[in-house]
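The structure appears below as structure tokens.
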Amino acid sequence: MLVFAYDGSLNGDWVAHYAVRFAANTPVRRLRLVHVHEASPVPQLRERIARIADECKVLGVALETDLVGPRGAGVAARLLECVPHGATLIAGTRARPRNAVVLAGTVAARLLEAGRVPVVAIRVVHPGVLGQPGSVLLPLAAPAGSAAHALFLLRLLGEDLLRLHVLFVRELPRLRLRVLSGEGALRLLAEGRASAVAVEEALRTALAPHRFELDSSVVVSDDAPREVLLHAGKHRSRLICLDASERTSPSRLFYRDPIERVLRDAPSDVAVYRSAD
């Protein structure tokens, strides 16, 4: 089951397209919309929810709505109370950067940091995608990067995943990269390609029988976010999937953080995900 944290905003309406389509790709085809209000529900909330319900009907998704107050707890804490065991939570980031950050300080950041349930926080850059990205970029750290944490999100994309490009970035400090020999660079690339073969095989097996185009590339760089942005443009990706690992905990996000840089400058929609601890 999916739980959609809906804030009643226009940006929330854009994120809703993803939430509805994600629900349509699950066996139970159910979506629970939860809106936590501070004092009273936002204006035109019921009309907005009605439009989401119409989209659910078209895709055969059963929609449940839950309008709740914080009851002394923060919005993020109240949302987590509303998520049943085994569910995945979908939320939105800021639509536009505030003080050069998109995720830090938001409800979505607190949900990701909690690590209690699988969470996907989405920034919609192109509303016209309507939750159907088709072409997806999955950046991983090479050679130790693993796509296992991304599987729950890739499965939610279902038939909307047509092409997947896995980008392995072996990031080195700038000074080390400057003195890296040609032989050393070739060794790092070879390690990355070995990882790429294993990850591609694992993805095809885990996502079977769904068929989609799958390829990968390996780069050695001193700037991983730059590589992610460059490859998103090169491959015309319409969704970038970023793993919010413990190393990049949202509580420490600020304008130079890799996730924030990609969120701020991405040419496409971005999904920041974290599986449950």
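The values are calculated or read from the model by the stated rules, or taken from the named source; none is laboratory data. Just so we're clear, the structure is a prediction, and the values are computed from it rather than from any experiment. In this analysis, Cβ positions are derived from the backbone assuming ideal geometry, glycine residues included, and neighbour counts consider all displayed protein chains.
For region 98-118, name all the residues that are at negative phi, part of a loop (DSSP other than H, G, I, E, B) and not hydroxyl-bearing (Ser, Thr, Tyr).
102, 103, 104, 116, 117, 118
Has region 84-96 got at least one residue that is crowded, with 17+ Cβ neighbours inside 10 Å and of a type in the set (S, T, N, Q)? Break it down into steps so the answer makes sense when it comes.
Going through region 84-96, the residues crowded, with 17+ Cβ neighbours inside 10 Å turn out to be 88-95.
Among the residues that remain, those that are also of a type in the set (S, T, N, Q) are: 88, 93.
Yes: one or more hits.
Return yes when residue 237 is of a type in the set (S, T, N, Q), in contact with a strand residue (DSSP E or B) (Cβ under 6 Å, 6 or more places away or on another chain), modelled with pLDDT of 90 or more and more than 24 Å from residue 22 (Cβ to Cβ) and no when it is not.
Answer is no for this residue.
Among residues belonging to region 150-170 that are crowded, with 18+ Cβ neighbours inside 10 Å and touching a residue at least 60 places away in the same chain (Cβ under 8 Å), point out the one that is farthest from residue 259 (Cα to Cα).
Among those residues, the one meeting the criterion is 160.
Just for strands (runs of 3 or more DSSP E) wholly inside region 1-97: which have at least 2 residues that are farther than 20 Å from residue 155 by Cβ and not assigned by TED's automatic domain parsing to the domain that holds residue 207?
In region 1-97, 30-36, 62-68 are the strands (runs of 3 or more DSSP E) which contain 2 or more residues that are farther than 20 Å from residue 155 by Cβ and not assigned by TED's automatic domain parsing to the domain that holds residue 207.
Within region 185-210, how many residues are among the acidic types (Asp, Glu) and over 21 Å from the mean Cα position of the chain (by Cα)?
Of the residues in region 185-210, 2 are among the acidic types (Asp, Glu) and over 21 Å from the mean Cα position of the chain (by Cα).
Here is a yes/no grid of residues against (1) among the charged types (D, E, K, R); (2) over 11 Å from residue 90 (Cβ atoms); (3) touching a residue at least 40 places away in the same chain (Cβ under 8 Å); (4) surrounded by 22 or more Cβ atoms within 10 Å (Cβ to Cβ):
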{"residue": "13", "(1), (2), (3), (4)": "yes, yes, no, no"}
{"residue": "19", "(1), (2), (3), (4)": "no, no, yes, yes"}
{"residue": "23", "(1), (2), (3), (4)": "no, no, no, yes"}
{"residue": "44", "(1), (2), (3), (4)": "no, yes, no, no"}
{"residue": "50", "(1), (2), (3), (4)": "no, yes, no, no"}
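For residue 213, only one of the following conditions fails: (1) modelled with pLDDT of 95 or more; (2) surrounded by fewer than 16 Cβ atoms within 10 Å (Cβ to Cβ); (3) under 18 Å from the mean Cα position of the chain (by Cα). What is its number?
Tallying (1) modelled with pLDDT of 95 or more; (2) surrounded by fewer than 16 Cβ atoms within 10 Å (Cβ to Cβ); (3) under 18 Å from the mean Cα position of the chain (by Cα), residue 213 fails exactly one: (3).
Tell me which residues, restricted to region 201-214, are farther than 13 Å from residue 161 by Cα and either in contact (Cβ under 8 Å) with a residue 40 or more places away in the chain or small (Gly, Ala, Ser) (or both).
202, 206
Taking the condition of being touching a residue at least 40 places away in the same chain (Cβ under 8 Å), of a type in the set (Val, Ile, Thr) and touching a Gly at 6+ places or on another chain (Cβ under 8 Å), how many residues in region 25-42 meet it? So that I can check it myself, show each step before the final result.
Restricting attention to region 25-42, the residues satisfying the condition of being touching a residue at least 40 places away in the same chain (Cβ under 8 Å) are 25-26, 32, 34, 36.
Keeping just the survivors that are of a type in the set (Val, Ile, Thr) gives 26, 34, 36.
Narrowing the set further to residues that are touching a Gly at 6+ places or on another chain (Cβ under 8 Å) leaves 36.
Residues in region 25-42 being touching a residue at least 40 places away in the same chain (Cβ under 8 Å), of a type in the set (Val, Ile, Thr) and touching a Gly at 6+ places or on another chain (Cβ under 8 Å): 1 in total.
Starting from residues that are over 18 Å from residue 111 (Cβ atoms) and among the β-branched types (Val, Ile, Thr), keep the ones in region 25-42 and report whichever is surrounded by the fewest Cβ atoms within 10 Å (Cβ to Cβ).
Residue satisfying both the conditions and the ranking: 28.
Report the residue count in region 259-277 for those that are more than 11 Å from residue 124 (Cα to Cα) and part of a loop (DSSP other than H, G, I, E, B).
So the answer is 3.
Among the helices (runs of 4 or more DSSP H) confined wholly to region 142-219, which include 3 or more residues that are more than 18 Å from residue 239 (Cβ to Cβ)?
174-179, 182-207
Kindly check whether there is at least one residue in region 55-78 that is at pLDDT below 95, within 18 Å of the chain's Cα centre (by Cα), over 30 Å from residue 199 (Cβ atoms) and not hydroxyl-bearing (Ser, Thr, Tyr). Even if it seems obvious, please write down each step before you answer.
Initially, region 55-78 is screened for residues at pLDDT below 95, giving 66-78.
Retained after the next criterion (residues that are within 18 Å of the chain's Cα centre (by Cα)): 76.
Still in the running and over 30 Å from residue 199 (Cβ atoms): 76.
Filter again for not hydroxyl-bearing (Ser, Thr, Tyr), leaving 76.
Looking through region 55-78, at least one residue is at pLDDT below 95, within 18 Å of the chain's Cα centre (by Cα), over 30 Å from residue 199 (Cβ atoms) and not hydroxyl-bearing (Ser, Thr, Tyr).
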